[in-house]
Amino acid sequence: MRDTIHLSEERPARQAMLRGWRRRCPNCGSGPLMHGFLRVRDDCAVCDEAFYHHRADDGPAYLTILIVGHLMAPLILWVFTTWRPEPLVLAVAFTVGCVALSLYLLPRLKGLIVALQWAKRMHGFGAATD
């Protein structure tokens with residue numbers, strides 16, 4: 001059982017976000033944050049930190065679309081103007097690229113957002129007791 005948490009204690013946001021990006025517990029850094037591809041665990045298996053009250057909602061999906069769109073739109077324009085590939089080849093290549101990049105980024109951005117919420121004591125992460 002954990003002791004009472006002091007709300008004045010600072011939590012390192014950068015460290016927590018890097019741990020979240022790696023899909024690890026923002027508190028201890030060794031326990032897995034995710035259960036499966038996108039489901040956040042209710043609590044850490046190592047340090048017993050509670051995660052059930054996170055509110056990532058649509059943030060990770062929005063950031064994924066924003067990043068993939070800003071990377072792939074100029075790239076597709078550059079590839080088309082430089083090499084003029086067949087339209088079907090271009091469409092297939094960039095569809096696969098967009099899906100692969102989205103699948104890579106989505107769980108990492110979700111971990112990052114949950115870790116940021118933990119570091120800033122948002123949505124129940126700053127409660128005195130669990």
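Just so it is clear, none of the values below were taken in a lab; they were calculated from the coordinates. What you are looking at is a predicted structure, and each value in this text was computed from that prediction instead of being measured. Note: ideal-geometry Cβ built from the backbone for every residue, glycine included; neighbour counts use all protein chains shown.
Considering helices alone, the calculated mean residue ellipticity of the chain at 222 nm is -18000 deg cm²/dmol, with DSSP H runs of length four and up weighted by -39500 (n - 2.57) and normalised per residue. Springs join every pair of Cα atoms under 10 Å in this Gaussian network model of the chain, and among 12, 74, 107 the largest mean-square fluctuation is at 74. Taking amide H as placed 1.01 Å from N in the peptide plane, residue 43 has its amide H under 5 Å from the amide H of 51, each at least 5 places away in sequence or on another chain. For the Cα atoms of the chain, what angle does the longest principal axis make with the long axis of helix 59-83, in degrees from 0 to 90, nearest 10? Value to nearest ten degrees: 20.
Altogether, the Stokes-Einstein calculation at 10 °C and 1.306 mPa s, with the Kirkwood radius of the chain over Cα pairs as Rh, returns a diffusion coefficient of 97 µm²/s.
Where in the stretch 90-124 does the amide nitrogen come within less than 11 Å of the point 7 Å from the Cα of residue 83, taken along Cα to Cβ? Answer for this model: 90, 93-94. Highest mean packing comes first when the peptides 51-64, 110-123 are listed by Cβ atoms within 10 Å, giving 110-123, 51-64.
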